[in-house]
Amino acid sequence: MDTDVISAAIDFGLQKLSFTEIKINQRKVVESFLAGKDVFFCSPTGSGKSLTFEIAPFVFKYLQKNDMCIVLVISPLTSLMRTQTQALNRKGIKAVYLKDITSPSNFEDSLTNLSLVDVKEGKIDIIFSSPESLIGHERKLLLDLAKKIFIKTVFVDEAHCIKKLPCYGRLDEIRSLVGGHVPVVALTATATEETKAVIKKQLCMDNCSEIMVNPDKKNVTYWVHNLPSDDICTNFRWLVNLLRGYKQATSRMIIFFRQIKHMADVYEYLETSLKHDAYIDFKEGGPNDNRNRLFDMFHMKTDDDVKDFICTSYMNPNANDVDDYVQESGRAGREPSQQCNAILLTYKRCLGSQNIFPSMKEYVKSKTCRRAFILNIFKTIVEHAHIPHFCCDICRLSCKCACSCEDECVCTNTCNQVLPKINTAIMSNEDNDDSDDNDDNDITELDDMFSSDSDSDVLESSTRKPQVIYSSDDEMF
């Protein structure tokens with residue numbers, strides 16, 4: 001296909017999306033599926049993988065001079081699909097989350113004016129759906145759309161889930177339903193060689209284009225903190241102290257739990273412990289809710305631009321390897337100019353659990369650079385030297401950024417980088433016993449241990465609510 005024609009089609013799509021440019025790797029993906037080739041696209045969270053499916057219907061419409069061009073996006077994340085649907089609708093893009101328009105109970109809550117009739121007539125740009133819906137009760141609909149040649153490309157988001165979720169392992173059925181002529185694009189933030197092989201085999205991607213981006217997020221510092229107790233609420237006392245002491249000036253964070261129950265336990269603990277302090281400008285007569293609360297569950301309307309990512313090690317089976325961790329920690333560091341933290345919290349005896357993969361146990365116990373450990377699993381290397389105190393907690397110990405010695409170092413303080421306040425708070429929790437009587441002392445210690453300017457984003461952070469966002473694996477499907 002002529003390069004100038006492809007460029008014109010891409011420009012048309014960018015205009016429809018109100019964008020002005022496309023990245024090199026995004027363009028490679030578009031060029032590949034336009035050539036009828038399958039694509040394996042591995043690129044870090046926040047790098048713009050979604051643009052490849054958002055622009056797809058419009059490049060096809062431009063090239064085929066046909067308005068009935070549908071792109072199918074398969075994802076395991078219900079909340080994300082709804083968020084993306086609403087964001088695209090606001091731009092004037094005709095996108096639907098299939099379950100919202102096929103289920104009467106969901107349709108009442110749906111914010112779209114589009115209907116199932118629009119889908120059947122090809123008057124839709126993008127369809128979002130879970131694999132279980134397409135394989136199950138929407139199977140006939142998928143066949144009808146395929147027979148009418150409405151579906152131009154199938155995108156499999158979060159493709160690494162093929163290895164772990166049963167219904168994702170049946171995506172080859174969807175491929176057979178839409179026809180072998182329809183290109184499939186697998187999107188994932190990370191993929192080990194083993195995971196990549198599984199994805200390609202399951203999706204029958206024999207001669208696909210591979211577009212791989214180094215998963216190293218240069219603005220993320222990796223930490224592991226060992227907590228003192230098996231009790232999940234006791235282990236989050238540091239968060240109570242941090243929110244009570246700094247309120248809206250607390251750096252914005254997302255805390256990832258493996259189970260909704262654990263998330264609910266900590267949520268209730270924060271409400272009970274903080275009382276009025278859980279809210280900004282608490283009003284005696286109300287209302288006091290998520291509009292002025294300092295913490296909230298992650299949901300469709302949540303602004304997910306966060307500085308710090310925290311993963312608890314209260315893990316359930318089949319969801320706890322380094323691949324998962326890098327996927328999840330990618331929520332931090334979306335803004336390249338902002339230094340962020342990816343923190344793994346471990347509790348007593350967690351390494352004895354049979355549910356935790358050996359690679360994750362090795363990561364926790366590692367005495368060498370955690371970043372290098374992660375990248376080695378993905379068969380990549382650290383491309384650029386990192387300042388040790390911005391690399392990981394292990395490298396921080398050997399940082400000599402403040403050393404001016406010409407020969408052997410005799411400095412008493414070799415690093416002048418102030419410890420991030422969130423780490424200081426967690427470390428204070430590690431050193432204290434389980435008694436709640438220490439809470440007032442904890443706040444004083446935190447005030448003494450870090451200065452008000454220890455984080456560069458305090459002013460920016462203070463304009464956002466909530467400061468703490470919860471998310472869980474249980475929210476899939």
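Please work out if Lys140 is more than 18 Å from the chain's Cα centre (by Cα), touching a residue at least 40 places away in the same chain (Cβ under 8 Å) and more than 25 Å from Lys28 (Cβ to Cβ). Taking the combined requirement at face value, the residue does not satisfy it. Per the conditions (1) touching a residue at least 40 places away in the same chain (Cβ under 8 Å); (2) over 22 Å from Leu177 (Cβ atoms), the sole criterion not satisfied by Ala35 is (1).
Can you find, within region 317-349, the residue that is nearest to Met427 (Cα to Cα) among those that are at pLDDT below 75 and of a type in the set (S, T, N, Q)? That would be Asn320. Set side by side, the residues Lys65, Lys49, Lys23, Lys94 differ, and just one is charged (D, E, K, R) and out of contact with any Leu (no Cβ under 9 Å at 6 or more places or on another chain), which is Lys65. If you filter region 329-359 down to residues that are farther than 16 Å from Asn226 by Cβ and among the basic types (Lys, Arg), you find that the one that is surrounded by the most Cβ atoms within 10 Å (Cβ to Cβ) is Arg331.
Within region 6-59, being farther than 24 Å from Ile199 by Cβ and in contact with a Ser or Thr (Cβ under 8 Å, 6 or more places away or on another chain) holds for one residue alone: Leu14. Restricting region 122-137 to residues that are within 24 Å of the chain's Cα centre (by Cα) and not aliphatic (A, V, I, L, M), the residue that is surrounded by the fewest Cβ atoms within 10 Å (Cβ to Cβ) is Glu132.
One residue stands out among those in region 1-35 that are part of a helix (DSSP H, G or I) and among the small types (Gly, Ala, Ser): the one that is nearest to Ile70 (Cα to Cα), which is Gly13.
Just checking, does region 163-176 include any residue being under 23 Å from Val59 (Cα atoms) and outside any helix (DSSP H, G or I)? The answer is no, given that none of the residues of region 163-176 is under 23 Å from Val59 (Cα atoms) and outside any helix (DSSP H, G or I). For region 167-204, residues that are within 23 Å of Pro215 (Cβ to Cβ) and free of Cβ contacts under 8 Å to residues at least 60 places away in the same chain total 5. Every condition in (1) buried (at least 17 other Cβ atoms within 10 Å of the Cβ); (2) in contact with a Phe, Trp or Tyr (Cβ under 9 Å, 6 or more places away or on another chain); (3) modelled with pLDDT of 80 or more is met by Gln417 except one, and the failing one is (1).
Looking at Leu72, Leu51, can you tell me which residue is under 24 Å from the mean Cα position of the chain (by Cα), in a helix (DSSP H, G or I) and at pLDDT 95 or above? Testing whether each residue is under 24 Å from the mean Cα position of the chain (by Cα), in a helix (DSSP H, G or I) and at pLDDT 95 or above leaves just Leu51. Quick check on Phe41: is it in a strand (DSSP E or B), within 30 Å of Val220 (Cβ to Cβ) and modelled with pLDDT of 95 or more? For Phe41, the condition - in a strand (DSSP E or B), within 30 Å of Val220 (Cβ to Cβ) and modelled with pLDDT of 95 or more - is met.
Taking the listed residues Lys91, Lys61, the one that is in the same structural domain as Lys164 (by TED's automatic domain parsing) and touching a residue at least 60 places away in the same chain (Cβ under 8 Å) is Lys91, with no other qualifying.
A quick yes/no check of all residues on (1) free of Cβ contacts under 8 Å to residues at least 12 places away in the same chain; (2) part of a helix (DSSP H, G or I):
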{"site": "Ile374", "(1), (2)": "no, yes"}
{"site": "Ala385", "(1), (2)": "yes, no"}
{"site": "Phe390", "(1), (2)": "no, yes"}
{"site": "Cys395", "(1), (2)": "no, yes"}
{"site": "Cys399", "(1), (2)": "no, no"}
{"site": "Ala402", "(1), (2)": "no, no"}
{"site": "Cys405", "(1), (2)": "yes, no"}
{"site": "Cys411", "(1), (2)": "yes, no"}
{"site": "Cys415", "(1), (2)": "no, no"}
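The values are calculated or read from the model by the stated rules, or taken from the named source; none is laboratory data. Model, not experiment: these values are computed from the prediction. Neighbour counts are summed over all protein chains in view; Cβ atoms, including those assigned to glycine, are modelled from backbone coordinates with ideal geometry.
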